[in-house]
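So the structure is just underneath, and the comments pick up after that.
Every number in this text was worked out from the coordinates using simple rules, so none of it is lab data. In this text the structure is predicted, and so the values were computed from the model without any measurement. Please note: Cβ atoms are built from the backbone with ideal geometry, for glycine as well, and neighbour counts cover all protein chains shown.
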């Protein structure tokens, strides 16, 4: 490895592999095609089309990658089938990670379980499972996401608005009551390293109280420091390098103690939704993956051991073929990184496994039913790209959290793609398309170039601390806004064929129920009274000390959760231990 | 607030736990491009929003909200604004994602303009200008 950058390592290996000259087309065929192509271009194609041969599509959170008028073998003249494509469940995994893909097993149909009290969400999970959902996806309310207890002043008005509130172990007991958590996999959307380290141990304590061994539990957490330091708005942050360390503490803990759990979901999704291209979305997530591999190597772990449970999370948006190509490109690139930079031996370590959620920012307030169609295309792109797990956004995204009807419609969209369109019968159906293969190559190159940019800045935690990513996001989103304003980005019904007399249709939203906060506060009061408060205090002091002394902090949050510490109490211990940080602001 | 200065001063904030900032950043830049002065204070308690508005002597208080809390916290902001004597002098507006049925309630509380996803630069700037004009009894 030495001091070579990821890009240098991959380029030298691929040059070597391509020396064999095993490209798909023989030079003679290409020569003939070149001649016929030129002839066609100069005689059949109009002068205007020749002049505008390359056009750049602009879309919401698109990558602005130029496209030619038509693609031919000339655009993929170097394609080496064995090196670049291969077979599903075969290197380089461009075509998918399972040999039979969706014939063998459909993707996990995982819809977010909505907002409300722990008891309400328990019913909602059961409702979705009864209607065919194959996994659970727990959205947390903002107080829980931001690590505040329901009774803190900041939580006023925010309890149970966009997810479920969790203050301590008893809330997990209510949420997962009667759910077989050893069989149904639980995705717990703990966005940040800190709230993963605080909340997930409460889940584990719930599981052990119900008699489940930790080694039996399937599921995933998010645990991504980009979410905490770049994507989210908040009243307080800890420094990126410390947050990155907590991210890796969680990984080390989970890998050792909860081996079936996906310990990180490298979240391109929310970064992209905040405002980046599909290329940056993947470059940052993969750069985080690289930073994790390096950190775990430093801690003495074998790359194959570390990589086994890494997962990714993407946002398929409007540019249909770009989305299909992107997932294929990231799968191939991650394989190459694992294989050539980290010498992974286990095929599983090289798999870019991903959950996708259809893009929310692409959905519009105006004429919301059009969003049903948008989300269906996003979902189809994800499946044609070979995703492992999917959430389809509700059409009411720009109104409120999804209601029961729109949530069910999301699930129905998944079932329709799976059972009616028949796109699942054939593995990687777009593989071999001149266009899709050329775009896959182009996107892979662009992602690698951005990873290189990050590495030149000193790696991802350093690049974030310097404000590189914050700056990139703000310039992207302002430019995007201008492109919507001047019509370069067309949004149907909003700036393209807008109906001047458009009226808002009736959308059923969930009213805010302030009683839930009162109930949570009462439960919390009782909880604090019944626990051993001296023990809790000792555990919280241990967290502060572990942070300062560089010990794996998550072993200490587990002890605190067992003793009954609440989320807000643990958040304050983290802040005391690491101090605060302010990201650069461009507003 | 001062009616003779040239630039309109806007305070922009989010409620304490709001996790989204894209809307606030976008609007802050739009308003600046329209010649207004923007003081962005980020995530803040209602008390902090109102005390900053007093301290910064702003003409407009804008709150970006996407994840709920608009009714409970909006009411608190307006109550504090009344107590501190800025309810009648400053224009209060809100933008983001909230259910349509909350809109009349927010208007009644005193939020004079509400902006939802898709609101354009002109919508926002013109509406704010009109609201200020009405408040001052003269067009700005």
In whole angstrom, how far apart do the alpha carbon centroids of the range A:381-399 and the range A:349-380 sit? 4
Take the alpha carbon atoms of the range A:110-140, find their center, do the same for the range A:428-475, and report the distance between the two centers in whole angstrom. 34
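For each of A:397, A:16, count neighbouring Cβ atoms within 10 Å of the residue's Cβ, then give the residues from fewest to most. Don't skip to the answer; put the middle values down first.
Numbers: A:397 24, A:16 9.
Taking fewest neighbouring Cβ atoms as first place, the list is A:16, A:397.
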Using only the Cα atoms of the range A:1-113, each taken as one equal point scatterer with no solvent, compute I(q) by the Debye sum, divide by I(0), and report log10 of the ratio at q = 0.16, 0.19, 0.21 Å⁻¹. -1.10, -1.14, -1.15
Spatial extent of the range A:1-45: Rg and Dmax, with the Cα atoms as the point set, Å: 17.7, 53
Relative to the longest principal axis of chain A, what angle (0 to 90°, nearest 10) does the C-alpha long axis of helix A:27-43 take? 80
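Output the relative contact order of the range A:11-137, whole-number percent, from Cα pairs under 8 angstrom with separation of 6+ residues. Don't jump to the answer; show the numbers that get you there.
Numbers: 110 pairs, mean separation 21.8, N = 127.
Dividing the mean separation by the residue count of the range A:11-137 yields 17 percent.
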Give the peptides B:8-18, A:291-301, B:27-37 in descending order of average Cβ contacts within 10 Å, highest first. B:8-18, B:27-37, A:291-301
Mean other chain Cβ within 10 Å across A:151-161 is 5
Can you tell me, using C-alpha contacts under 8 Å and at least 6 residues apart, the relative contact order of chain B as a whole percent? 24
Would you calculate, for chain A, the mean residue ellipticity at 222 nm contributed by helices, counting each DSSP H stretch of 4 or more residues as -39,500 (n - 2.57) and dividing by all residues, to the nearest 500? -15500 deg cm²/dmol
Reduced Cα scattering model of the range A:80-195, Debye log10 I(q)/I(0), q = 0.15, 0.16, 0.22, 0.23 Å⁻¹: -0.72, -0.77, -1.13, -1.20
C-alpha long axis of helix A:554-563 to longest principal axis of chain A, angle in °: 40
Mean separation of Cα contacts under 8 Å (at least 6 apart) over the residue count of chain A, i.e. the relative contact order in percent, is 19
10 Å-binned pair-distance histogram of chain A (Cα, whole percent): 3, 16, 27, 27, 16, 7, 2, 1, 0
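Using helices alone, what [θ] at 222 nm do you get for chain B, with -39,500 (n - 2.57) per DSSP H run of 4 or more residues, divided over all residues and rounded to the nearest 500? The partial results should precede the final answer.
Numbers: 5 runs with 60 residues, N = 140.
Taking each H run of at least 4 residues, the total per residue is -13500 deg cm²/dmol.
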Is the range A:181-480 rounded, prolate or oblate when judged by the Cα gyration tensor, a ≥ b ≥ c being the square roots of its eigenvalues, rounded requiring a/c under 1.5 and prolate requiring a/b larger than b/c? rounded
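Going by the alpha-carbon gyration tensor, a ≥ b ≥ c the square roots of its eigenvalues, is chain B rounded (a/c under 1.5) or, if a/c is not under 1.5, prolate (a/b greater than b/c) versus oblate?
Values: a/c = 1.35, a/b = 1.17, b/c = 1.16.
Judged from the Cα gyration tensor, chain B comes out rounded (a/c under 1.5).
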May I ask for the angle, rounded to the nearest 10°, between helix A:468-485 and the longest principal axis of chain A, with both axes built from Cα atoms and the value confined to 0 to 90°? 60
Distance between Cα centroids, the range A:244-297 to the range A:64-104: provide it in whole Å. 25
Between rounded, prolate and oblate, where does the range A:369-493 land on the alpha carbon gyration tensor, with a ≥ b ≥ c its root eigenvalues, rounded for a/c under 1.5, else prolate if a/b exceeds b/c? oblate
